[in-house]
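First comes the structure, then the notes that go with it.
Just so it is clear, none of the values below were taken in a lab; they were calculated from the coordinates. Model, not experiment: these values are computed from the prediction.
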Amino acid sequence: MPKYEYLCRNCEKNFEIIMSMKEHENKKVSCPTCKKEQVEQQLSTFYSKTSKKS
Ligand SMILES: [Zn+2]
């Protein structure tokens, strides 16, 4: 199963969740540390870091 990387906007912690793609579509991800849903998915795991420049 794919691994998804998230950053919590509330406590600014990085965490990883392993789940199926279907779960990923339907599930609300919350931070394991503060339990908030203010999380942002990090795409660096799947896409090349060099491809995205800000
Ligand atoms: Zn958090």
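Here are the numbers for this structure:
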quantity: Cα-based shape type of segment 3-47, given that a ≥ b ≥ c are square roots of the gyration tensor eigenvalues and the cut on a/c is 1.5; calculated: oblate
quantity: Long-range amide H partners of Val39 with built H, under 5 Å; calculated: Arg9
